[in-house]
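Each value in this text was obtained by applying a stated rule to the coordinates, not by laboratory testing. All figures in this text were calculated on a predicted structure; none of them were measured in a lab. Cβ atoms come from the backbone with ideal geometry, glycine included; neighbour counts cover every protein chain shown.
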Amino acid sequence: MEVSINYWAVLLAALSTMLVGSVWYAKSVFGNRWSKLAKVNMDRKVEPSEMAWLMGSTFVASLVTAYVLAHVAFLSNKFFGNSFMQDTLSTAFWLWLGFTAARVYVHDAFESRPGQLTLLTVSHEFVSIGVMALIIGAMGV
């Protein structure tokens, strides 16, 4: 079986994470709380080269996530045969729960990070992957 991927959907889904992250971590949303819990100085001057690396590598990671989601959603849809949207949303949930939320929890627990920080992180990832799933599910294969 050949897996069909809508690369435009993958690209838009990856870009959506940048938008979700910029809103989520805005100072007036969760940014102030996150920076306090994570001990991040939001007023630190970031060099342009560092910002380019951060944004570029984050986008590449989002591309990988969107591609994997689209790939596994296609397989899920072929197996379950529901609407592509339903299978994409279901796939996103299970991938988030098993590979994101569970792994973030394990790392945060062993690093003694505050539970509220873990909750903020996994919630952000849930929303990000959910938005990705909506885009991929709506655009189809």
Name the residue that is surrounded by the fewest Cβ atoms within 10 Å (Cβ to Cβ), counting only residues in segment 1-42 that are small (G, A, S) and over 17 Å from I129 (Cβ atoms).
S28
Select from segment 67-93 the residues that are over 17 Å from V3 (Cβ atoms) and in contact with a Ser or Thr (Cβ under 9 Å, 6 or more places away or on another chain) and write down the one among them that is surrounded by the most Cβ atoms within 10 Å (Cβ to Cβ).
S90
Odd one out for S112, checked against (1) hydroxyl-bearing (S, T, Y); (2) assigned to a loop (DSSP other than H, G, I, E, B); (3) within 19 Å of G140 (Cβ to Cβ):
(3)
For segment 102-130, enumerate the residues that are polar (S, T, N, Q) and farther than 18 Å from R33 by Cα.
S128
Can you tell me which condition V46 does not meet? The list is (1) surrounded by 11 or more Cβ atoms within 10 Å (Cβ to Cβ); (2) without any contact (Cβ under 8 Å) to a residue 24 or more places away in the chain; (3) of a type in the set (V, I, T), and all the others hold.
(1)
Restricting attention to segment 3-28, and to residues there that are farther than 14 Å from T121 by Cα and not hydrophobic (A, V, I, L, M, F, W, C), which single residue is nearest to the chain's Cα centre (by Cα)?
S16
